[in-house]
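One structure is given below, encoded as structure tokens.
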Amino acid sequence: MALSLSMAIPSSGKGRVAVVTGASRGIGRGIALELGSAGYTVYCLGRSSRAPETMETKIDFQRPVAEGLDLTVESAAEEITRRGGKGIPIPCDLSKDGVVENILANQIQKTQGGRLDVLVCSAYTTPPTGIRGEFWKQDLEMWDYVNGLGLRQVYAACRAAVPIMIETAKSSKEKGQELSPPPLVCLVSSFGGKSYTFNVAYGVGKAAIDRLSVDMSYQLSKYGVATTTLYPGLVKTEGNMQMEVDGTWDEQSGGLDLSVGESPSFSGKAVVELAALPKTTMMERSGNVEVVAELAKEFDFNDLDGNRPPSIRSLKYLLPNFVFPSIEKELEDGKEIPDWIKNNIPDILLPWSTFSSGPPPEMDGR
């Protein structure tokens, strides 16, 4: 039965509808599950499915991860329902033109009575040959891998979803619910949008995602629809964990310690907080880059293990991961920076202008 737009919308997700792309695994799955925990109806879009593969659903490449785990849109939807929300799996290949438009028009707009409160774009394709390298030595398909699904289809999803979200905002206004959270478009990006990371194509794509959120916010402000760009930190996705098992993590990450990374659910908790903000508050920060770790500090939530990882632009993260190792390489006789310094690093954020001024020390000369 279609949900009525005249329903009063509480601060939780009860009665609210979300669409999450890339919901079968990784950050998308973490966000979808946390929205489910908040009571949302969540449409889980992704390529991984229990359904038998056909010529129509066959994909060219998808890296296998986590043998034995059920990382499918069906399992994500089931977990969402178990947590108190309503999960709806939609197996699909979002890299194909027209797919997301068809889903939004025929499987969401019609069945949910024209309601869409949250769109999360998290679907992404990692190149099978690795991502690091000098751009002139990489095939042109590197651009297509990281910016086809990760940029072009994000734009397509926003184009298709926004008209529904405008109508959702309009209906809330007509029903006197202007203080309710506004519809929110959340684009999952990364610190690669601000500072050199991995390769040229990756950084250009992430910077474009950031700009997409900003420019959409200008046009959507008068319609009461908000946008946000989400920056997770180092995340323990199933794919990253599998690279550790395969022995390729150090080479691809530059030696970062994945054991201190964030869970995908950490990003989910951040989205739930943003999506619950009152209209005036959320519209004021519409178009902003929001760092998951910084949101955790602002809204006082922790990761699943009870810890609160620092932001990647914090001295607490940058010094031990990049600066100290570079200094210790130059010290004589294997000397190390004293523990009293390492254990007392202040959690101070670098201004974006400073953080964006170049790659971290260990990446110089790569």
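The values are calculated or read from the model by the stated rules, or taken from the named source; none is laboratory data. In this text the structure is predicted, and so the values were computed from the model without any measurement. Don't worry about glycine lacking a Cβ; one is built from the backbone with ideal geometry, like all the others, and counts go over all protein chains shown.
Just for region 255-297: of the residues that are modelled with pLDDT of 95 or more and among the acidic types (Asp, Glu), which one is nearest to the chain's Cα centre (by Cα)?
Once the filter is applied, the top-ranked residue is GLU290.
Limited to region 249-299, what total is found for residues that are hydroxyl-bearing (Ser, Thr, Tyr), over 16 Å from THR237 (Cβ atoms) and surrounded by fewer than 20 Cβ atoms within 10 Å (Cβ to Cβ)? Spell out how you get there, then give the answer.
Let us first name the residues in region 249-299 that are hydroxyl-bearing (Ser, Thr, Tyr), namely 253, 259, 263, 265, 267, 280-281, 286.
Next, from what is left, pick out any that are over 16 Å from THR237 (Cβ atoms): 280-281, 286.
Remaining after also requiring surrounded by fewer than 20 Cβ atoms within 10 Å (Cβ to Cβ): 280-281.
Number of matching residues: 2.
Among the listed residues GLY233, GLY224, which satisfies the condition of being at pLDDT 90 or above and closer than 21 Å to LEU350 by Cα?
Step by step, each of GLY233, GLY224 is checked, and only GLY233 is at pLDDT 90 or above and closer than 21 Å to LEU350 by Cα.
For region 298-343, give me the residue count where each residue is under 23 Å from the mean Cα position of the chain (by Cα), in a helix (DSSP H, G or I) and over 17 Å from ASP257 (Cα atoms).
Residues flagged as under 23 Å from the mean Cα position of the chain (by Cα), in a helix (DSSP H, G or I) and over 17 Å from ASP257 (Cα atoms) within region 298-343 amount to 2.
Quick one: in region 344-356, which of the residues that are in contact (Cβ under 8 Å) with a residue 12 or more places away in the chain and part of a loop (DSSP other than H, G, I, E, B) is nearest to THR197 (Cα to Cα)? Let's see the steps before the verdict.
Narrowing region 344-356 to residues in contact (Cβ under 8 Å) with a residue 12 or more places away in the chain: 345-350, 352, 355-356.
Of the ones still in play, those that are also part of a loop (DSSP other than H, G, I, E, B) are 345-348, 350, 356.
Details: ILE345: 24, PRO346: 24, ASP347: 22, ILE348: 22, LEU350: 17, SER356: 11 Å.
In this case the residue turns out to be SER356.
Across region 10-31, which residue is nearest to LEU277 (Cα to Cα) among those that are small (Gly, Ala, Ser) and in a loop (DSSP other than H, G, I, E, B)?
Narrowing region 10-31 to residues small (Gly, Ala, Ser): 11-13, 15, 18, 22-24, 26, 28, 30.
Of the ones still in play, those that are also in a loop (DSSP other than H, G, I, E, B) are 11-13, 15, 22-24.
Values: SER11: 8, SER12: 10, GLY13: 12, GLY15: 16, GLY22: 24, ALA23: 23, SER24: 26 Å.
Selected residue: SER11.
Being of a type in the set (D, E, K, R) and either surrounded by fewer than 15 Cβ atoms within 10 Å (Cβ to Cβ) or assigned to a loop (DSSP other than H, G, I, E, B) (or both) is the filter here, so list the residues in region 67-77 that pass it.
Scanning region 67-77 gives GLU67, ASP70.
Counting just the residues of region 159-181 that are outside any helix (DSSP H, G or I) and out of contact with any Ser or Thr (no Cβ under 6 Å at 6 or more places or on another chain), which one comes out modelled with the highest pLDDT? I'd like the intermediate steps shown before the answer.
Filtering region 159-181 for residues outside any helix (DSSP H, G or I) gives 175-181.
Filter once more, keeping what is out of contact with any Ser or Thr (no Cβ under 6 Å at 6 or more places or on another chain): 176-179, 181.
Numbers: GLY176: 72, GLN177: 70, GLU178: 68, LEU179: 63, PRO181: 94.
By that ranking, first place goes to PRO181.
Failed condition for ASN307, given (1) free of Cβ contacts under 8 Å to residues at least 40 places away in the same chain; (2) in contact with a Lys or Arg (Cβ under 8 Å, 6 or more places away or on another chain); (3) under 30 Å from SER12 (Cβ atoms); (4) of a type outside the set (Phe, Trp, Tyr), with all others met?
Unmet for ASN307, out of (1) free of Cβ contacts under 8 Å to residues at least 40 places away in the same chain; (2) in contact with a Lys or Arg (Cβ under 8 Å, 6 or more places away or on another chain); (3) under 30 Å from SER12 (Cβ atoms); (4) of a type outside the set (Phe, Trp, Tyr): (2).
Confirm whether SER221 is in a loop (DSSP other than H, G, I, E, B), among the hydroxyl-bearing types (Ser, Thr, Tyr) and more than 19 Å from the chain's Cα centre (by Cα). Steps first, answer last, please.
Numbers: in a loop (DSSP other than H, G, I, E, B): no; among the hydroxyl-bearing types (Ser, Thr, Tyr): yes; more than 19 Å from the chain's Cα centre (by Cα): yes.
So SER221 does not fit the description; no.
Does VAL245 fit the bill of being among the β-branched types (Val, Ile, Thr), over 20 Å from LEU33 (Cβ atoms) and at pLDDT 95 or above? Explain how you work it out, then say what you get.
On the way: among the β-branched types (Val, Ile, Thr): yes; over 20 Å from LEU33 (Cβ atoms): yes; at pLDDT 95 or above: no.
No; evaluated as a whole, the condition is false for this residue.
Pull out all pairs, ordered by first then second residue, where Cβ-Cβ is under 9 Å, the residues are six or more apart or on different chains, the first lies in region 313-324 and is hydroxyl-bearing (Ser, Thr, Tyr), and the second is assigned to a helix (DSSP H, G or I) and crowded, with 21+ Cβ neighbours inside 10 Å.
SER314/ALA293; TYR317/ALA293
Of the conditions (1) within 17 Å of the chain's Cα centre (by Cα); (2) part of a helix (DSSP H, G or I); (3) among the polar types (S, T, N, Q), GLN242 fails just one. Which one is it?
(1)
Out of the residues in region 78-90 that are of a type outside the set (D, E, K, R) and buried (at least 18 other Cβ atoms within 10 Å of the Cβ), which is farthest from GLY22 (Cα to Cα)? Write out each step before concluding.
Just the residues of region 78-90 that are of a type outside the set (D, E, K, R), to begin with: 80-81, 84-85, 87-90.
From what is left, the residues that are buried (at least 18 other Cβ atoms within 10 Å of the Cβ) are 80, 85, 87-90.
Values: ILE80: 15, GLY85: 18, GLY87: 14, ILE88: 13, PRO89: 11, ILE90: 11 Å.
That would be GLY85.
Could you list all residues from region 85-99 that are of a type outside the set (Lys, Arg) and free of Cβ contacts under 8 Å to residues at least 40 places away in the same chain? Spell out the reasoning first.
The first filter runs over region 85-99 and keeps only residues of a type outside the set (Lys, Arg), leaving 85, 87-95, 97-99.
Hits for region 85-99 are GLY98, VAL99.
Output the number of residues of region 100-144 satisfying the condition of being closer than 30 Å to LYS269 by Cα, free of Cβ contacts under 8 Å to residues at least 40 places away in the same chain and either assigned to a helix (DSSP H, G or I) or under 15 Å from the mean Cα position of the chain (by Cα) (or both).
Here the count works out to 2.
Between a first residue in region 201-228 that is closer than 30 Å to MET142 by Cα and of a type in the set (Ser, Thr, Tyr) and a second residue that is at pLDDT 95 or above and in a helix (DSSP H, G or I), which pairs have beta carbons less than 6 Å apart while being 6 or more apart in sequence or on different chains?
The qualifying pairs are THR227/SER213; THR227/MET216; THR227/SER217; THR228/LEU274.
Quick one: GLY255 ticks every box in (1) in a loop (DSSP other than H, G, I, E, B); (2) within 25 Å of VAL120 (Cβ to Cβ) except a single one, so which number is it?
Going through (1) in a loop (DSSP other than H, G, I, E, B); (2) within 25 Å of VAL120 (Cβ to Cβ) one by one, GLY255 breaks only (2).
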